[in-house]
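Notes for the one structure printed next.
The values are calculated or read from the model by the stated rules, or taken from the named source; none is laboratory data. All values derive from a computational prediction rather than experimental measurement. In this analysis, Cβ positions are derived from the backbone assuming ideal geometry, glycine residues included, and neighbour counts consider all displayed protein chains.
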Amino acid sequence: MGSNADNQASNARHATPTPLTGAEIVWATLVGEGVTDVFGYPGGAILPVYDALRKFPIHHTLVRHEQGAAHMADGYARASGKVGVAVATSGPGATNLVTGIATAMLDSIPVVCITGNVSSKVLGTDAFQEVDITGITLPVTKHNFLVSKTEDIAPALRLAFQIAQSGRPGPVLVDITKDAQQGTAIFDFAAAKPKAYRPHPMLHVDEAGLEKAAELIRNSKQPVILAGHGISESGAMDQVRALAERTQIPVALTLLGLGAFPASHPLNLGMMGMHGEVWVNDAIQNADLLIACGMRFDDRVTGKLASYATKAKKIHIEIDPAEINKNVKADVALVGDLREVLEELLPRIAGRDGTAWLKTIAASKGESAVHDIKNLPDSGHLYAAHVVHDLWRLTAGEAIVVTDVGQHQMWEAQYFHHEEPRSLVTSGGLGTMGFALPAAIGAKTARPAKEVWVIAGDGGFQMTAAELSTIVQEGLKINIAIINNGYLGMVRQWQEFFYERNYESTPLVSPDFVKLADAHGIAGLAVKTRSEVESAVTAARKAPGAFLLNFMVEKEDSVYPMIPVGSALHEMIRRPGKNPLIESSKDN
Amino acid sequence: MKHTFVAYVEDLPGVLTRVASLFRRLNININSLTVGRSERPGLSRLTLVCEASAEAGDRIRASLFKLENVVDVDDIAQAPSVTRELALIKVAATPRNRAQIFDLVEVFRARIVDLTSESLMIEMTGVESKIEGLIEVLREDEGRILEICRSGKMTMRRGHHTSSVLKAMGAGSDERPLPEIDLADEHAAVEPD
């Protein structure tokens, strides 16, 4: 943001050093950093900040629970690439943020959370609504600050913005005592600029490493590019595409990588890992070279490490030195910003013929592709995969989809084909149920011109359903698809596969979601058959306001294929052909 | 294996918690930790010793760097270096049996820094094994040791060595090759004054 922020600041009202209250300094600094929207919930210890809000050109969305504020800031950041901002009071307001902060931490999302705290004189006395939020959030923030002096507010906030966005992004919390908010200090935005970012001696891209990487690529017969979240964070979409196209190397994506390489591209294999297609994981297992671009070899991606891609050399391009050799040993580690590294690497790479390897992979698709649900005609059953596939088709794949966590999330990843980065907003690392609805509010706020769809399960939706009234209060056009199977579906699936179908505590009673939406003034429809899907989705898209679709899908459907935890990537549970609950040729 | 990390950290509240918390999260016990002012205003220098696998060294160093308040980290590993520890040992001693302890202190090149009719305090600086040696001998008389206070280890590389970070911060940059050092010397019970 750097110079842009400084330009905006010089245009802002407080370009010259001016005495302001701490509360005013909070907003003036945010304005200077280019912030236009924040998500929050007022309370005693943050009241001075709220009192000053009306003087500043910042839109505040009142949430229904502070977890929602953190998820909204997160969704805002994921959809736009800008820093998301959440505001909460001390004590319970601050602790309610924690799940949202951890969600942003695990997925490297730039978020700044501002909390009020009790006056500095009573810090540590168990004063009313006092918690040690910097202590609590220490392991789930990239950094945090406790600010107890008015003059420290602007430098701390500016540093928070720098830290949130630099290197591997992440959430930063700034806890400001009430007396610091109430005090007065000279506000000088320019003077509060953080000093140049400290050099990181472990960022390391040298001639030898680049040459070695180029040589490995030149000599490989069966290479695969592993495309991760770092591509969109670094803005390296063009460079990854150039690398793939020039070398004819196929691209497998992580969940958070989806969209960073176009789904329709002939070199796109699709998602890798636990619920990736068999041919994608087989390609990785049979590869002689993996080029990991901005990904961290998460356990959901590698399966059993000892048998992961044993024949392959690994080139790991990654900005966080702590990720190198963490799970998978790199033969060449290029530690730096992905776009910059690829720009240095590309001139050393010549065209190569990848036909034979691509043919081998294409041939291995065979059976799996046939059983793929989208290729089968309507059987009268309503499957979640149908719903997602139809949503993709009817929105021409151009919507921003915000998912919750569970089976529907995996079906979304399999059947909604993302062409653009930042078009899928999903909690990958932490797997936070309840993420979708608030994160969608953040995404829609950031990109109001975009069509936004929530896809959530009946379980996760109920965790944060209170934010429906936030949608109404903000007048947001958000479409909601609930994939309702009456179970905590992914847990039920694990019980089916690994716990002898002991469905303990997974059957789930839910309210009538259409009536619930109605109570909020949101229109809705229940959908029970595949033939109704198209008209329902069309009705939702045409409606002027938010719309909720309650898809009553098959109850005991499972996500296939699947790598059982602790198994190797090639030991996948395949799509069954004969189980009547599972789509198969029998359903024709 | 034993890892020794030397780090420059900002001299601010909570920084030690951040460092300690990293090891807590990795479930690694910190064997020894010393912190004090460094040659740079605003920066403290710490020496941290822990037991972890050989491969863990790089990742711990990288994770320490991820802490915003950590400015520089050196993994001393097998590099030639000097490690010292300070111990204060209070022992029961009467005028009748003092002489024996005076002899011990002489042999171990320690110092008496406090003397009363019933006790005396020994100050000893050296490598761990030397301090352990003195304690062991003192323990031969049961009940003689009243208190032991040990500083934990402080480590500094031998020779002229400046990290890229400190250079970038303006430290002297003419890096000369390390002088040949007899590593046995590391454990010798020879103390500078």
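Checked against the criterion of being in contact (Cβ under 8 Å) with a residue 12 or more places away in the chain and buried (at least 24 other Cβ atoms within 10 Å of the Cβ), the candidates A:A263, A:A214, A:A236, A:A242 yield just one match: A:A236. Residues in segment A:399-435 that are over 17 Å from A:F261 (Cβ atoms), at pLDDT 95 or above and surrounded by fewer than 23 Cβ atoms within 10 Å (Cβ to Cβ): A:A399, A:G429, A:L430, A:G431, A:M433. Selection within segment A:128-164: residues that are within 12 Å of chain B (Cβ to nearest Cβ) and under 14 Å from A:K178 (Cα atoms). The member of this set that is surrounded by the most Cβ atoms within 10 Å (Cβ to Cβ) is A:V147. Annotation: of all residues in segment A:314-328 being buried (at least 23 other Cβ atoms within 10 Å of the Cβ) and not hydrophobic (A, V, I, L, M, F, W, C), the one that is nearest to the other protein chains (Cβ to nearest Cβ) is A:P321.
When the criteria are applied in full, A:A102 meets the requirement of being within 12 Å of A:G170 (Cα to Cα) and surrounded by fewer than 24 Cβ atoms within 10 Å (Cβ to Cβ). Restricted to helices (runs of 4 or more DSSP H) entirely inside segment A:247-352, those with at least 3 residues that are closer than 17 Å to A:L569 by Cα are A:278-286, A:299-302. Of the residues making up segment A:61-80, one or more are over 21 Å from A:V172 (Cα atoms) and modelled with pLDDT of 95 or more.
Restricting to segment A:181-210, name every residue that is among the aliphatic types (A, V, I, L, M) and either within 14 Å of another protein chain (Cβ to nearest Cβ) or assigned to a loop (DSSP other than H, G, I, E, B) (or both). Within segment A:181-210, A:A190, A:A191, A:A192, A:A196, A:M202, A:L203, A:V205 qualify. Residue count for segment B:24-51 under the criterion of being in contact with a helix residue (DSSP H, G or I) (Cβ under 8 Å, 6 or more places away or on another chain) and either buried (at least 18 other Cβ atoms within 10 Å of the Cβ) or away from chain A (no Cβ under 14 Å) (or both): the result is 9.
Any idea which residue in segment B:52-93 is nearest to B:G42 (Cα to Cα), counting only those that are more than 19 Å from the chain's Cα centre (by Cα) and away from chain A (no Cβ under 14 Å)? This residue is B:K90.
Per the listing B:R139, B:R109, the residue uniquely free of Cβ contacts under 8 Å to residues at least 12 places away in the same chain and touching a strand residue (DSSP E or B) at 6+ places or on another chain (Cβ under 9 Å) is B:R139. Total residues in segment A:166-180 satisfying the condition of being surrounded by fewer than 20 Cβ atoms within 10 Å (Cβ to Cβ), within 14 Å of another protein chain (Cβ to nearest Cβ) and not in a loop (DSSP other than H, G, I, E, B): the figure is 0. Can you confirm whether B:R109 is over 21 Å from B:G152 (Cβ atoms) and of a type outside the set (S, T, N, Q)? So B:R109 fails the test.
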